[in-house]
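What follows is a short report on a single structure.
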Amino acid sequence: MIEAIYDTNAKEFIESWLSADMHDQYKAFETLVHPGAKILDGGCGSGRDSLYFLQKGYVVDAFDPSDEMIKYASEFTGLKVNKMKWEDLDAKEAYDAIWASASLYHVARPDMAPTFKKIANALKSKGILFASFRDKENDFVDSEGRALTSFNKETLTSFLSTLGLFDIVALSERKDTRKNKQDEVWLFALLRKKI
């Protein structure tokens, strides 16, 4: 189970993710989200992004499947972080925006379309989704033993076109900013619910 990897290696993951520079992604996201919007931070990990959004005056809900991540994020942000996975999401038109930084790639390929449907259901009309994936054509297992579902611009565009639930606002690629991770490339997607 993926959460066991995070529970066992929580300190290393937290230190690594807190060092990532997300300034450009925050800025792009915030141009699409109104002040005071209600945001869901899914797979929130350390709570880094939840805290940023809270400090900017947004209303934030957060979840993570890892007990150790929940403990840290709750203390770090002051939020009650819920224990769940993306596949458990069952909210209906509850959020103006959903933030999925390095978390949706834990959803297995066969479960990706149903999960995106749950995300669309959880968003209000024309709601915004930020999602990041490792920028690769094929899924892979990383050095920590995590099986990761990956997309590049072409495969994500094709997936979203088939799904028919989101319009693409922007797709961008960037090398990882974390120490000793600069050889990794990320795909960042800003999407808007069609209706």
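Residue-by-condition table, conditions (1) open to solvent by less than 40 Å² (accessible area, probe 1.4 Å); (2) out of contact with any Pro (no Cβ under 7 Å at 6 or more places or on another chain); (3) small (Gly, Ala, Ser):
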| position | (1), (2), (3) |
| --- | --- |
| Ile39 | yes, yes, no |
| Leu54 | no, yes, no |
| Gly57 | no, no, yes |
| Asp61 | no, yes, no |
| Asp64 | yes, yes, no |
| Asp67 | no, yes, no |
| Ile70 | yes, yes, no |
Of the listed residues (Asp167, Asp135, Asp111), the one being open to solvent by 20 Å² or more (accessible area, probe 1.4 Å), in contact with a strand residue (DSSP E or B) (Cβ under 9 Å, 6 or more places away or on another chain) and closer than 22 Å to Leu40 by Cβ is Asp167
Every listed condition ((1) in contact (Cβ under 8 Å) with a residue 12 or more places away in the chain; (2) out of contact with any helix residue (DSSP H, G or I) (no Cβ under 6 Å at 6 or more places or on another chain)) holds for Glu12 save (1)
_Filter result for Asp96 (under 23 Å from Asp24 (Cα atoms) and more than 17 Å from the chain's Cα centre (by Cα))_ = no
Counting only residues that are modelled with pLDDT of 95 or more and open to solvent by less than 40 Å² (accessible area, probe 1.4 Å), segment 87-104 contains a total of 12
How many residues of segment 61-79 are under 18 Å from Ser103 (Cβ atoms) and over 14 Å from the mean Cα position of the chain (by Cα)? The answer is 12
Going through segment 1-37 in order, the residues found to be open to solvent by less than 60 Å² (accessible area, probe 1.4 Å), modelled with pLDDT of 95 or more and part of a loop (DSSP other than H, G, I, E, B) are Leu32, Val33, Gly36, Ala37
Counting only residues that are touching a Leu at 6+ places or on another chain (Cβ under 7 Å) and closer than 27 Å to Asp167 by Cβ, segment 60-92 contains a total of 4
The condition from (1) farther than 20 Å from Leu40 by Cβ; (2) open to solvent by 40 Å² or more (accessible area, probe 1.4 Å); (3) of a type outside the set (Asp, Glu); (4) at pLDDT 95 or above that Asn180 misses is numbered (4)
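So which residues in segment 55-70 are part of a helix (DSSP H, G or I) and in contact (Cβ under 8 Å) with a residue 12 or more places away in the chain, if there are any at all?
Asp67, Glu68, Met69, Ile70
Yes/no per residue for (1) among the aromatic types (Phe, Trp, Tyr); (2) free of Cβ contacts under 8 Å to residues at least 60 places away in the same chain:
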| site | (1), (2) |
| --- | --- |
| Ser46 | no, yes |
| Phe53 | yes, yes |
| Leu104 | no, no |
| Asn138 | no, yes |
The one condition Met84 fails out of (1) aliphatic (A, V, I, L, M); (2) at pLDDT 95 or above; (3) in contact with a helix residue (DSSP H, G or I) (Cβ under 8 Å, 6 or more places away or on another chain); (4) open to solvent by 10 Å² or more (accessible area, probe 1.4 Å) is (3)
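The values are calculated or read from the model by the stated rules, or taken from the named source; none is laboratory data. What you see is a predicted model; the values in this text were computed from it and never measured. Virtual Cβ from ideal backbone geometry, glycine too; neighbours counted across all protein chains shown. Keep in mind that these areas ignore ligands, DNA and RNA; they rest on the heavy atoms of the full protein, side chains included. Shrake-Rupley method; radii C 1.70, N 1.55, O 1.52, S 1.80 Å.
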